[in-house]
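Each reported figure results from applying straightforward, stated rules to the coordinates on display, with no laboratory input. Just so you know, these numbers come straight off a predicted model, no measurement behind them. Note: ideal-geometry Cβ built from the backbone for every residue, glycine included; neighbour counts use all protein chains shown.
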Amino acid sequence: MENVADLAWEPTSVAGYEQKWLVKRDGGTYKLIRIQPGARFPLHRHPDRTEYAYVLEGVLEATIEGRTFRIAPHGFAEIPAGVEHGLYNPGPAPTIAQVGAIKDHAAS
């Protein structure tokens, strides 16, 4: 067991985007992400994983298959395997969300 508050935010290759890994397994991952205001995670896809996002703080705009959805605190999004998606923080404060990705055995 770990206290997530004690874990350091890890920088990524995307400016303004940090993460705290909680689970990294072959069958799936689970992490916290923090996206600074104005930061954008570019469009991408996971060919064999369904991704889930639950917003804890701030606002997240998720573009999924060309449509943009605004996700407020306690909002949830499911992104099926193989679907193009990206994330953006349009707000004045950092956005923190839980993100999980589970391997889709049917896509393997």
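When only C-alpha pairs under 8 Å and at least 6 residues apart count, what is the relative contact order of the chain, in percent?
Once normalised by length, the contact order is 32 percent.
Report the full-extension gain for the segment Leu7 to Tyr54: residue separation times 0.36 nm, less the Cα-Cα distance, to one decimal in nm.
Between Leu7 and Tyr54, full extension yields 15.0 nm more.
Please give the residues of the range 66-108, grouped as numeric ranges, whose backbone N is less than 14 Å from a label point set 7 Å along the Cα-to-Cβ vector of Arg25.
100-105
Any idea what the dipole of the range 4-103 comes to, in debye rounded to 20, about its Cα centre with Lys/Arg Cβ at +1 and Asp/Glu Cβ at -1?
60 debye
Viscosity 1.567 mPa s, temperature 4 °C: give me the Stokes-Einstein translational D for the chain in µm²/s, with Rh taken as the Kirkwood radius over C-alpha pairs.
The estimated diffusion coefficient comes to 92 µm²/s.
Could the peptides 42-53, 61-72 be put in order, highest first, of the mean number of other beta-carbon atoms found within 10 Å of their residues?
Ranking the peptides 42-53, 61-72 by packing returns 42-53, 61-72.
Would you calculate the separation in nanometres between label points at Val14 and Arg67, each defined as 7 Å from the Cα along the Cα-to-beta-carbon direction?
With each label point 7 Å from Cα toward Cβ, the separation is 2.1 nm.
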